[in-house]
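Student: There's a structure below that I have some questions on.
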Amino acid sequence: MPQIVVLTGAGISAESGVPTFRDADGLWEGHHVEDVATPEGFARDRSMVQRFYDERRAALLNVEPNPAHLALAELEQTMGEALLIVTQNIDDLHERAGSRNVIHMHGELLKALCQSCGSASTWDSTLLDEPACPLCGVHELRPDVVWFGEVPYEMDRITDALADATHFVSIGTSGAVYPAAGFVQHARRHGARTLELNLDPSEGSHFFHESRQGRAGDLVPVWTREMLWH
Ligand code: BV8
């Protein structure tokens, strides 16, 4: 039985209407990344960052999973635990498509992290008005996302899965952000067959055995059908 690790990035959600990070020529909905996705930016202008994530959280209510998310969820129906999705995305489109085996290495938009007690709570409203933590009552909630300079979630579980993988497939990511951008090399070193599905060749395309260019909504269902008839 194949053991598959799929890494997804903003490109898999693009056709759902979720803006990608770099296609907007490095400006993220009008912001510089160091102002909105770093702890320093948050310390400098807390309410601007809270508003940036509030807007993206609200926008989630108007988007739906696309055929790429749905094809991965269908593949998991057959493969179960043998398929792991590691996503850099903070949207919940994989879950809404039906995927269960998902790791959000950069956190989740629909969670709030308490800077006082350290607990993460499900959160689908705003943080701009500095609400109280549901567990400790202190008013110090931040988006539960991993900013630049912070440690991604579940790295041990991810590196173990990469070492055991027979297949590593990267979907819709520019390969610009580490440690995610290095996963292909780790998997390949442990003997995995590596495939990239992306609109354009990513920065790490040359690390893959095979790289296919196109929209995720077209390429992913073709690939999952190949795996089902494998
Ligand atoms: C860490 C926050 C230590 C949540 C994000 C110098 C050299 C190397 C590394 C570093 C360095 N200086 C600092 C670093 C480390 C740094 C880093 O990599 N910096 C980069 C900029 C050089 N990384 C970190 O700080 C990380 N932490 O390293 O801790 C450590 C390491 C290992 C173990 C323990 C500790 C933390 C990084 C997390 C940063 N937070 N997001 C949020 O607000 O979202 S990352 C941000 O970029 C996004 O969230 C996204 O997750 C990530 C990557 O972007 P992509 O998903 O790839 O999106 P992008 O727009 O770039 O690309 C979209 C792609 O899709 C394109 O290629 C496009 O062609 C394609 N596409 C578009 N449409 C479609 C499509 N493909 C298919 N179909 C379509 N329709």
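Since every read-out is calculated from the coordinates, none of them should be taken as a lab result. Model, not experiment: these values are computed from the prediction. Every residue, glycine among them, receives a Cβ derived from its backbone with ideal geometry; neighbour counts consider all protein chains shown.
Student: Using helices alone, I'd like the mean residue ellipticity at 222 nm for the chain: each DSSP H run of four-plus residues gives -39500 (n - 2.57), total over residue count, nearest 500.
Tutor: Here the helix-only value at 222 nm equals -9000 deg cm²/dmol.
Student: So, one more: Return the whole-Å distance between the Cα centroid of region 66-92 and the Cα centroid of region 175-230.
Tutor: First find each Cα centre; the distance between them is then 14 Å.
Student: Where both partners of a DSSP beta bridge lie in region 1-146, what percent of those bridges are antiparallel, to the nearest 5?
Tutor: In region 1-146, DSSP labels about 55 percent of beta bridges as antiparallel.
Student: In Å and on Cα atoms, what radius of gyration and Dmax does region 98-230 show?
Tutor: Using the Cα atoms of region 98-230, the pair Rg, Dmax is 18.1, 53 Å.
Student: Under a 10 Å cutoff between Cα atoms, tell me which one of Leu162, Leu75, Leu61 has the largest fluctuation in the Gaussian network model of the chain.
Tutor: Taking springs between Cα atoms under 10 Å, the residue moving most is Leu61.
Student: Turning to a different aspect of this structure: Per-residue counts of other Cβ atoms within 10 Å, averaged by peptide: what ranking do you get for 211-221, 103-113, highest first?
Tutor: 103-113, 211-221
Student: Here is a follow-up. Quick one: work out Rg over Rh on the C-alpha atoms of region 61-158, Rh as Kirkwood radius.
Tutor: With Rh from the inverse mean 1/r over Cα pairs, Rg/Rh is 1.03.
Student: Also, I was wondering about something else. In whole Å, what three semi-axes, largest first, describe the equivalent ellipsoid of region 119-197 built from its Cα gyration tensor (square root of 5 times each eigenvalue)?
Tutor: In descending order, the three semi-axes are 35, 13, 11 Å.
Student: Can you give me the pair-distance distribution of region 173-230, C-alpha pairs, 10 Å bins, whole percents?
Tutor: 23, 50, 26, 1
Student: Hey, another quick one. Where does the chain land on Rg(C-alpha)/(2.2 N^0.38 Å)?
Tutor: 1.01
Student: Might you report the magnitude of the Cβ-based charge dipole of region 1-155 about its Cα centre, with Lys and Arg at +1 and Asp and Glu at -1, to the nearest 20 debye?
Tutor: 160 debye
Student: Quick one: the Cα spread of region 26-68 along its three principal axes, in angstroms, biggest first?
Tutor: Principal-axis extents of region 26-68 (Cα, largest first): 39, 20, 16 Å.
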